[in-house]
1. Of Q285, Q314, which residue is in contact (Cβ under 8 Å) with a residue 40 or more places away in the chain, surrounded by 16 or more Cβ atoms within 10 Å (Cβ to Cβ) and not small (G, A, S)?
2. When L235 is evaluated against the numbered criteria (1) part of a loop (DSSP other than H, G, I, E, B); (2) under 28 Å from the mean Cα position of the chain (by Cα); (3) farther than 18 Å from N98 by Cα, which criterion, by number, is the only one it fails?
3. Of the numbered conditions (1) under 30 Å from G205 (Cα atoms); (2) out of contact with any Lys or Arg (no Cβ under 8 Å at 6 or more places or on another chain), L138 fails exactly one; give the number of that condition.
4. What's the number of the condition I325 fails, among (1) within 30 Å of P185 (Cα to Cα); (2) of a type in the set (A, V, I, L, M); (3) modelled with pLDDT of 95 or more; (4) open to solvent by less than 70 Å² (accessible area, probe 1.4 Å)?
5. For the stretch 239-267, name all the residues that are outside any strand (DSSP E or B) and over 20 Å from L193 (Cα atoms).
6. Does L222 meet the test of being aliphatic (A, V, I, L, M), closer than 22 Å to K97 by Cα and in a strand (DSSP E or B)?
7. In contact (Cβ under 8 Å) with a residue 12 or more places away in the chain, open to solvent by 70 Å² or more (accessible area, probe 1.4 Å) and in a strand (DSSP E or B): does that describe F340?
8. Within the stretch 166-210, count every residue that is surrounded by fewer than 16 Cβ atoms within 10 Å (Cβ to Cβ) and of a type in the set (A, V, I, L, M).
Amino acid sequence: AATTQKGSYKYWLPSIDFDADLRQDVKVRMSYGDTIARPGWDQIQGGRSLDQLFRVDGGTGSQGNPNLKPLRSHNLDASVEWYYGKSSYAAIGFFHKNIDNYIGQGQTTYTPAGLTTPVGGAYWNAAVGAGGCATTDLQCIRDYIFANFNGQPGVTQTGTANGHATGTITGQSTDPALLFKINQPVNQHKASLKGWEFNVQNAFGDSGFGVNANYTLVMSGLKYNNANMNDQFALVGLSNTANVVGYYENEQVNARIAYNWRGQFLASTFDGAGPNPVYTEPYGQVDMTLGYNFDKHLSFQLDAINLNDGVVRQHSRTKQELESITQTGRRYMIGARYKF
């Protein structure tokens, strides 16, 4: 059946920035602003998908939510910067974010017109009552229905296997309606996070050599509780990060080698089997770029990615509960550019 869903939103997004020179080589900055992050297309697209198989407790499915509101963040940032030399500086920054309309997973029920289930219907109730089968003993219920109602509407026995009848039991039009539990993204929660940023860049005189490094520390109380087996809200994607880059530049050659690191973070609160966490373990990668200007027209470039052959590993509640391992290997790209 066709589905119709609508959604709209309007936001005012103010921002203000301030900076001042404490002295010739020291600057302070402060800013406040509201920002939004729109949901992905897969989250807002229309349509409903029903899984083909359903169980005793009903079926499952998924759908988008066009009425999703964008994630809105109220951001406060402050930093102090010290420019201690030519092309050299050190800075420390603090940030605080209050987040509204955080998108999580919700569930609703849907009953397709004309679809029924034999569970709780006339045949089922006869098996549980006169047949003496427990509601949890599905084999007993199937055997009773085939033995007593084969050939009647919704019951077709096709054979036997291992001493039990085989076939289909679809029930009757007077049986209970089949319910589907539909998963969909919904705006659920508010959250806040804060953190520190540390940056330094140092150029070694006029040699062309230099190094820059940064480290970001993120803090939030909304962490996943591995001892809680129920659905829960936690901020995904939060981790500490660090980068170290060494470089050399002149008019003809530019070369960079970088180590990029990201600490462990919660990637998802659902692993496909239910409300189970998926953690991406700490990961580091070495990349290199080498460029050469042959003349003012022709230049060459070599990019080497993941030189250390880093592997991305994901686990669930413990490191022994492996979710996935991804190994992309080392990758090399060579290019040339000619300017007319």
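1. Result of the check over Q285, Q314: Q314.
2. (3)
3. It is condition (1) that L138 fails.
4. Single failed check for I325: (4).
5. N250, E251, Q252 - these are the residues of the stretch 239-267 that are outside any strand (DSSP E or B) and over 20 Å from L193 (Cα atoms).
6. When the stated conditions are applied, L222 does not pass them.
7. No.
8. Residues in the stretch 166-210 being surrounded by fewer than 16 Cβ atoms within 10 Å (Cβ to Cβ) and of a type in the set (A, V, I, L, M): 1 in total.
The values are calculated or read from the model by the stated rules, or taken from the named source; none is laboratory data. These numbers were taken from a predicted model, which means no experiment stands behind them. Virtual Cβ from ideal backbone geometry, glycine too; neighbours counted across all protein chains shown. Surface areas here come from the heavy atoms of the whole protein model, side chains and all, with no ligands, DNA or RNA. Shrake-Rupley method; radii C 1.70, N 1.55, O 1.52, S 1.80 Å.
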